[in-house]
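See structure below.
The values are calculated or read from the model by the stated rules, or taken from the named source; none is laboratory data. Computed from a predicted structure; not experimentally measured. All Cβ positions, even for glycine, are placed from backbone atoms using ideal geometry, and neighbour counts span all protein chains on display. All accessible areas refer to the heavy atoms of the entire protein, side chains included, with ligands and DNA or RNA removed. Shrake-Rupley method; radii C 1.70, N 1.55, O 1.52, S 1.80 Å.
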Amino acid sequence: MTQSKQTWQGKVIGVQPRIRLWRSFDQRAHTYLGYNLTIDGSFAEMAGIYTIAIGKAAQAKHQFRVGDLVQGRAAPVVDERKESASYYKVSHLKLVERSHVVEAKNPPYHGVPPELETYQWRGHRRLSARTYVSQCTRCIWGCRMPVEMVLDQWNPGQKRYRFETFCYGPKSCTRYNAGPTRKVPGRQGMSWEEADWVDADATAHRDEDE
Ligand code: SF4
């Protein structure tokens, strides 16, 4: 099903990486798609806050950051299980006015987010969904990932979907709260718990303030 595009515009209040997570019991893999812009403005002349997915080339070209005034056209996401954003397939993307917001030295961190390769290099720790909503939606290091879970590797059609929140930021961030460990469902009612050591291992190469 294709959806027609509508015009949107507004002020950027968050830029975060657009990353998809695939899980199969204790295995996981990431797909680095681009960035999500959270906009305080209007979509099809309806005022509100909207999250719009863009590709990495668009972000590389425009270097979007919190405070920018931006406009474009986009279509509603068809499969909402696979995108954090509500809109994608952006065209006519335009930076109307560059932000004058001074880059934050304390969390939540603003400014231009790094390249996706940097996120990949940094690795992430799980982040409480509640903390993400209350503290981290404007931080370049926060990420809400759509997760596809294959329940049985011998029957890959059996899938479940959910969203998980992560932090790629400094381990010393005072706003950080891991929240409960996550369990990945498997076949025949089994599940695998992603223990704290997984996060420690994924970020062991970084200093506390890095
Ligand atoms: S916990 Fe992570 S995402 Fe949240 S403000 Fe700190 S660095 Fe940013």
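Report whether or not residue 168 is more than 11 Å from the ligand (Cβ to nearest atom), modelled with pLDDT of 95 or more, closer than 18 Å to residue 208 by Cα and surrounded by 18 or more Cβ atoms within 10 Å (Cβ to Cβ). Considered against the rule, which asks whether it is more than 11 Å from the ligand (Cβ to nearest atom), modelled with pLDDT of 95 or more, closer than 18 Å to residue 208 by Cα and surrounded by 18 or more Cβ atoms within 10 Å (Cβ to Cβ), residue 168 comes out as no. Residue pairs whose Cβ atoms lie under 6 Å apart, separated by 6 or more positions or on different chains, with the first residue in region 171-189 and in contact (Cβ under 8 Å) with a residue 60 or more places away in the chain and within 11 Å of the ligand (Cβ to nearest atom) and the second open to solvent by 50 Å² or more (accessible area, probe 1.4 Å) and in a helix (DSSP H, G or I), are 175/135.
Of the residues 168, 132, 176, 88, the single one that is closer than 21 Å to residue 13 by Cβ and in contact with a Phe, Trp or Tyr (Cβ under 7 Å, 6 or more places away or on another chain) is 168. Residue selection: residue 193 fails the criterion of being in contact with a helix residue (DSSP H, G or I) (Cβ under 9 Å, 6 or more places away or on another chain), of a type in the set (Asp, Glu) and open to solvent by 70 Å² or more (accessible area, probe 1.4 Å).
Among residues of region 113-134 being within 13 Å of the ligand (Cβ to nearest atom) and touching a helix residue (DSSP H, G or I) at 6+ places or on another chain (Cβ under 7 Å), the one that is most open to solvent (accessible area, probe 1.4 Å) is 125. The single residue among 84, 91 that is crowded, with 16+ Cβ neighbours inside 10 Å and either polar (S, T, N, Q) or at pLDDT 95 or above (or both) turns out to be 84. Among the residues of region 146-165, the ones that are within 26 Å of residue 206 (Cβ to Cβ) and away from the ligand (no atom under 16 Å from the Cβ) come to 2 in all.
Applying the selection to region 93-127, what residues are among the β-branched types (Val, Ile, Thr), in contact with a Lys or Arg (Cβ under 9 Å, 6 or more places away or on another chain) and in contact (Cβ under 8 Å) with a residue 40 or more places away in the chain? The one that is among the β-branched types (Val, Ile, Thr), in contact with a Lys or Arg (Cβ under 9 Å, 6 or more places away or on another chain) and in contact (Cβ under 8 Å) with a residue 40 or more places away in the chain: 112.
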